[in-house]
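Novice: First, the structure itself, so that you have it in front of you.
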Amino acid sequence: MPQLVPKRAVNTDAKLIELWCHDKSEETQRYYKKEASQFLEFVGKPITQVTLIDVQEFCKYLRGTGLSLSSQGRAIAAVKALLGFGYRIGVLRVNVGAAIKLPKQKERLAERILPEMTVLAMILNERHPRNQAILMTLYGLGLRVSELCSLCWKDLQPRADGGQLTVYGKGGGTRTLFVSPDLWQVLQMLRGEAKRDEPVFRAEVGNKYSRKGGALSPSHVTRIVRAAALRVGITEVKVSPHWLRHAHATHALDNGCPIHLLSSSLGHQSVATTSRYLHARPGPGSLQYLKLGVLSPMPIKQVQLEGDERDYSISVMGQNPAQLPESSS
């Protein structure tokens, strides 16, 4: 592997991490640095001396922390990415992370898809104009929370049939999305005297959760979404802004949106990523070829079986069980 950066220029772990994170978003940098620090603290040695055994022991440590499989997977993925980056630029002689597999986990996308009427109720029950616009934009355009928080007025352009919005998304990709007349009007009502470079979704003056320039932070938007979910009775799960992105994708497919168009709108680099939403909402399966439909409850007098009173009787195609032929088995 050719050395792209002289080793003397990367003389500390901190410098390597800085190089690794330099083109990432603010949120991604914060997350990567946290995971890298946790790993290096665990191994207790410079990253140039890390071995495969060290990484395996770290994975074992994560399994014992009680973290969910998804949290373990994200931490391990971050470590693998750091080690892979160090190897690619020639700072690390061997990529020991390449031999580590991410933990397999249950696909939980279907659990995070809200019914269409629930999402609409969340929007209608939100009385704060800015917060209602946030919910409409997250759901209507399928934006990531980081994309929403980084929107400025210069990213919005009017059209005869509404408007359009340019999003700087994940991985540095840029996409332009159509904004319906209704949503365009809602957004324009928020602007007031705001200048081109000012954020579309501003925090109130003095709000401790505002970002540089007064934009709302992702954590603040999360609280807005969670409060909207609680308002319509969703108490057993913590709804996040990304759930509205999932809802956008699923409801669009349910209503006939072509998958290639949805993939483009979401900013996915591959249609294969978008196809997860098809698997989360399967069509008819092999169950339709079974004859369970002929079974229906038939209320009759309860019978006593070994001291337990239960109604075990069923009607099969309108017949009483007593009229059915006995099994030969």
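Novice: Enumerate the strands (runs of 3 or more DSSP E) found wholly within region 127-244, keeping only those where 2 or more residues are assigned by TED's automatic domain parsing to the domain that holds Met117 and within 25 Å of Tyr277 (Cβ to Cβ).
Specialist: Because the criterion is at least 2 residues that are assigned by TED's automatic domain parsing to the domain that holds Met117 and within 25 Å of Tyr277 (Cβ to Cβ), the strands (runs of 3 or more DSSP E) in region 127-244 that meet it are 162-168, 174-179.
Novice: Further question: Among the listed residues Lys238, Lys195, which satisfies the condition of being within 18 Å of the chain's Cα centre (by Cα) and charged (D, E, K, R)?
Specialist: Lys238
Novice: Same structure, new question: State all residues of region 20-38 that are under 22 Å from Glu57 (Cβ atoms) and exposed (fewer than 15 other Cβ atoms within 10 Å of the Cβ); if no residue qualifies, say none.
Specialist: If the condition is that a residue be under 22 Å from Glu57 (Cβ atoms) and exposed (fewer than 15 other Cβ atoms within 10 Å of the Cβ), then Lys34, Ser37 are the ones that fit.
Novice: Only one residue in Leu148, Leu124 is crowded, with 19+ Cβ neighbours inside 10 Å and not basic (Lys, Arg). Which one?
Specialist: Being crowded, with 19+ Cβ neighbours inside 10 Å and not basic (Lys, Arg) holds for just one of Leu148, Leu124, which is Leu148.
Novice: Filtering region 91-124 down to residues that are in a loop (DSSP other than H, G, I, E, B) and under 18 Å from His251 (Cβ atoms), which residue is modelled with the lowest pLDDT?
Specialist: Taking the candidates together, the pick is Ile113.
Novice: Can you name the number of the only condition in (1) under 29 Å from Arg144 (Cα atoms); (2) in contact with an Asp or Glu (Cβ under 6 Å, 6 or more places away or on another chain) that Gln29 fails?
Specialist: Against the list (1) under 29 Å from Arg144 (Cα atoms); (2) in contact with an Asp or Glu (Cβ under 6 Å, 6 or more places away or on another chain), Gln29 comes up short only on (2).
Novice: Right, here's the next one. Pull up region 54-90, narrow it to residues that are outside any helix (DSSP H, G or I) and farther than 19 Å from Lys33 by Cα, then point me to the one that is nearest to the chain's Cα centre (by Cα).
Specialist: By that ranking, first place goes to Ser68.
Let's see how each residue does on (1) in the same structural domain as Ala229 (by TED's automatic domain parsing); (2) in contact with a helix residue (DSSP H, G or I) (Cβ under 7 Å, 6 or more places away or on another chain); (3) farther than 30 Å from Ser146 by Cα; (4) modelled with pLDDT of 90 or more:
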| position | (1), (2), (3), (4) |
| --- | --- |
| His22 | no, no, no, no |
| Val43 | no, yes, yes, yes |
| Gln56 | no, no, yes, yes |
| Cys59 | no, yes, no, yes |
| Gly64 | no, no, yes, yes |
| Phe85 | no, yes, no, yes |
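Novice: Separate question: Could you tell me which numbered condition Ile47 fails, if it satisfies all but one of (1) buried (at least 18 other Cβ atoms within 10 Å of the Cβ); (2) free of Cβ contacts under 8 Å to residues at least 40 places away in the same chain?
Specialist: It is condition (2) that Ile47 fails.
Novice: Since Ala228 meets every condition but one in (1) modelled with pLDDT under 95; (2) among the small types (Gly, Ala, Ser); (3) surrounded by 20 or more Cβ atoms within 10 Å (Cβ to Cβ), which condition does it not meet?
Specialist: Of (1) modelled with pLDDT under 95; (2) among the small types (Gly, Ala, Ser); (3) surrounded by 20 or more Cβ atoms within 10 Å (Cβ to Cβ), only one is false for Ala228: (1).
Novice: Could you tell me whether Leu253 is of a type in the set (A, V, I, L, M, F, W, C), farther than 26 Å from Arg130 by Cα and at pLDDT below 85?
Specialist: Against the criterion (of a type in the set (A, V, I, L, M, F, W, C), farther than 26 Å from Arg130 by Cα and at pLDDT below 85), Leu253 does not qualify.
The values are calculated or read from the model by the stated rules, or taken from the named source; none is laboratory data. Everything quoted here is computed from the prediction, not taken from an experiment. All Cβ positions, even for glycine, are placed from backbone atoms using ideal geometry, and neighbour counts span all protein chains on display.
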